[in-house]
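*Asks:* First, the structure itself, so that you have it in front of you.
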Amino acid sequence: MAETRPRVWVSQPLFADIVGRLHEYFDVAATEQVTQHSPQAIAAALREVDGALVTLNDPIGAAEIAGATRLRAIANVAVGYNNLDVRAMSDAGILVTNTPDVLTETTADFGFALMMAAARRITEAERWLRDGHWRQWNFESLLGGDIHRATLGILGMGRIGQGIARRAAGFDMRVLYHNRNRLPEAVERECRAEYTDLDGLLARADHLVLVLPYSLQVHHLIDSTALAKMKRTATLTNIARGGLVDEDALADALEGGRLAAAGLDVFEGEPAVNPRLLALRNVVLTPHIASGSLATRRAMVSLAVGNLIAALGHGPHAGRPPSPVNAAALGSKPLPQAGEGLG
Ligand SMILES: NC(=O)C1=CN([C@@H]2O[C@H](COP(=O)(O)OP(=O)(O)OC[C@H]3O[C@@H](n4cnc5c(N)ncnc54)[C@H](OP(=O)(O)O)[C@@H]3O)[C@@H](O)[C@H]2O)C=CC1
Ligand SMILES: O=C(O)C(=O)[C@@H](O)[C@H](O)[C@H](O)CO
């Protein structure tokens, strides 16, 4: 009897030449247009497959996997995985993978650029010029805050946060950071970074950058109370997740002159953007593109495809996907070799 091949679902169009590697091992159901799948559509797709390649646009929780009896692996094409209920997946014996490291430097580049754009009012100045206001040069117009020798505050000093800190050395910045756990001294030295508690970070930063993972525990971590602790001349840059910031409180602070400027790549209800932020001059808004260089997005998809192949027991890393998220939770359940199931 012919052996049936495992089936996988690819939730969004993702570099067909890279995703094409899946065909060697699996029957592939690939989504051809960018799609906001309904929860019912996600559940229906997952019911039919052994593995899935998904993105941040695909929220998957206990309800979506409830009927997915053959599902063994979900490869997220992102380092952040707050779109997935990892505990529910672990309980169901489903391996989750993500795409760390390959996007670190590109995302750090962008975080630094967004911080600079906010502080130096670059997009506001461009709009002003394009709108025909540059009739006479005004010595006092569009003045911003300095980056060089300013104090950079990094909330979430992991892979990307450390990348931003390394860039700050070139601008002779003082770097403060806060994590739940202090970093080893050698890493602090390499990043020329000083540990502080959260209140100290808020109070002392001239430019605060958020690069920590989102979870319910840090929902609206940056609220009106936190913003009130910041300098009036400070900027806030968020390249992590929108839910970390209370956007109405941020709009209040920016409108009221209690914060100089903000740079936002992520939004709580994205792709919808709070209309109060859209109306403000002193905020730079970008559509979640911090990892978006061509080379890095291709590397993310390649890593995710490799993860999925390995998680389903094939390829050179069979049973050992390069970047598992919940391998420890699945500890007692060995990953399959080709032709086996996980459970
Ligand atoms: N805009 C975009 O396109 C992109 C956004 N991202 C976002 O950036 C995030 C970070 O990525 P990456 O640097 O690779 O992740 P890492 O896991 O390497 O770093 C996260 C850091 O955040 C710290 N952290 C976690 N929770 C808290 C907390 N409650 N308070 C303070 N610090 C905390 C961690 O330290 P500790 O555990 O000690 O607290 C760790 O140092 C991703 O989760 C993703 O959401 C990533 C790539 C692109
Ligand atoms: O990796 C992350 O956590 C990101 O937020 C980004 O790299 C997105 O994945 C990217 O925008 C594609 O969804």
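The values are calculated or read from the model by the stated rules, or taken from the named source; none is laboratory data. Predicted model, so just to flag it, every value in this text is computed and none were measured. Positions of Cβ are backbone-derived with ideal geometry, glycine not excepted, and every protein chain shown enters the neighbour counts.
*Asks:* crowded, with 19+ Cβ neighbours inside 10 Å, within 13 Å of ligand 2 (Cβ to nearest atom) and not assigned by TED's automatic domain parsing to the domain that holds Ala240 - does that describe any residue in region 85-95?
*Replies:* No: region 85-95 contains no residue that is crowded, with 19+ Cβ neighbours inside 10 Å, within 13 Å of ligand 2 (Cβ to nearest atom) and not assigned by TED's automatic domain parsing to the domain that holds Ala240.
*Asks:* Same structure, new question: For residues that are at pLDDT 95 or above and out of contact with any Ser or Thr (no Cβ under 9 Å at 6 or more places or on another chain), tally how many sit in region 321-341.
*Replies:* Within region 321-341, the subset at pLDDT 95 or above is 321-326.
Filter again for out of contact with any Ser or Thr (no Cβ under 9 Å at 6 or more places or on another chain), leaving none.
Summing the residues that are at pLDDT 95 or above and out of contact with any Ser or Thr (no Cβ under 9 Å at 6 or more places or on another chain) in region 321-341 gives 0.
*Asks:* Given the criterion within 16 Å of ligand 2 (Cβ to nearest atom) and either closer than 20 Å to Arg21 by Cα or in the same structural domain as Ala240 (by TED's automatic domain parsing) (or both), identify the matching residue among Gly111, Gly51, Gly80.
*Replies:* Result of the check over Gly111, Gly51, Gly80: Gly111.
*Asks:* Just for region 96-108: of the residues that are polar (S, T, N, Q) and more than 25 Å from His314 (Cβ to Cβ), which one is nearest to ligand 2 (Cβ to nearest atom)?
*Replies:* Among residues in region 96-108 that are polar (S, T, N, Q) and more than 25 Å from His314 (Cβ to Cβ), the one nearest to ligand 2 (Cβ to nearest atom) is Thr107.
*Asks:* With the requirement that a residue be in a helix (DSSP H, G or I) and either within 15 Å of ligand 1 (Cβ to nearest atom) or within 15 Å of the chain's Cα centre (by Cα) (or both), what does region 271-297 give you?
*Replies:* Matches in region 271-297: Leu294, Ala295, Thr296, Arg297.
*Asks:* Next up: Could you check, for region 10-32, whether at least one of its residues is in the same structural domain as Ala299 (by TED's automatic domain parsing), farther than 20 Å from Tyr81 by Cβ and polar (S, T, N, Q)?
*Replies:* For region 10-32, residues in the same structural domain as Ala299 (by TED's automatic domain parsing), farther than 20 Å from Tyr81 by Cβ and polar (S, T, N, Q): absent.
*Asks:* Return the residue satisfying two criteria in turn: it lies in region 245-276 and is within 16 Å of ligand 2 (Cβ to nearest atom) and not aliphatic (A, V, I, L, M), and of such residues it is farthest from Pro59 (Cα to Cα).
*Replies:* Residue satisfying both the conditions and the ranking: Gly263.
*Asks:* So, in region 172-185, of the ones that are in a strand (DSSP E or B) and not aromatic (Phe, Trp, Tyr), which residue ends up nearest to ligand 2 (Cβ to nearest atom)?
*Replies:* His178
*Asks:* Among what's in region 148-171 and is crowded, with 20+ Cβ neighbours inside 10 Å and more than 18 Å from the chain's Cα centre (by Cα), pick the residue that is farthest from ligand 2 (Cβ to nearest atom).
*Replies:* Only one residue tops the list, namely Ala150.
*Asks:* At pLDDT 95 or above, under 18 Å from Ile160 (Cβ atoms), surrounded by 17 or more Cβ atoms within 10 Å (Cβ to Cβ) and more than 10 Å from ligand 1 (Cβ to nearest atom): which single residue out of Ala240, Ala234, Ala193, Ala226 fits that description?
*Replies:* Numbers: Ala240 fails: more than 10 Å from ligand 1 (Cβ to nearest atom); Ala234 fails: under 18 Å from Ile160 (Cβ atoms); Ala226 fails: under 18 Å from Ile160 (Cβ atoms).
Going through Ala240, Ala234, Ala193, Ala226 in turn, just one is at pLDDT 95 or above, under 18 Å from Ile160 (Cβ atoms), surrounded by 17 or more Cβ atoms within 10 Å (Cβ to Cβ) and more than 10 Å from ligand 1 (Cβ to nearest atom): Ala193.
*Asks:* Based on this model, can you work out whether Glu188 counts as more than 11 Å from ligand 1 (Cβ to nearest atom), outside any loop (DSSP other than H, G, I, E, B) and surrounded by fewer than 17 Cβ atoms within 10 Å (Cβ to Cβ)? Lay out the reasoning, then the answer.
*Replies:* On the way: more than 11 Å from ligand 1 (Cβ to nearest atom): yes; outside any loop (DSSP other than H, G, I, E, B): yes; surrounded by fewer than 17 Cβ atoms within 10 Å (Cβ to Cβ): no.
Taking the combined requirement at face value, the residue does not satisfy it.
*Asks:* For the list (1) surrounded by 13 or more Cβ atoms within 10 Å (Cβ to Cβ); (2) modelled with pLDDT under 95, I need the number of the one condition that Trp137 fails.
*Replies:* (1)
*Asks:* For region 129-164, how many residues are under 19 Å from Phe110 (Cα atoms), not polar (S, T, N, Q) and not in a loop (DSSP other than H, G, I, E, B)?
*Replies:* Number satisfying all stated conditions: 9.
*Asks:* Which number in (1) within 16 Å of ligand 1 (Cβ to nearest atom); (2) touching a helix residue (DSSP H, G or I) at 6+ places or on another chain (Cβ under 8 Å); (3) farther than 22 Å from His314 by Cβ; (4) not small (Gly, Ala, Ser) marks the one condition that Val77 misses?
*Replies:* With respect to (1) within 16 Å of ligand 1 (Cβ to nearest atom); (2) touching a helix residue (DSSP H, G or I) at 6+ places or on another chain (Cβ under 8 Å); (3) farther than 22 Å from His314 by Cβ; (4) not small (Gly, Ala, Ser), Val77 is out only on (3).
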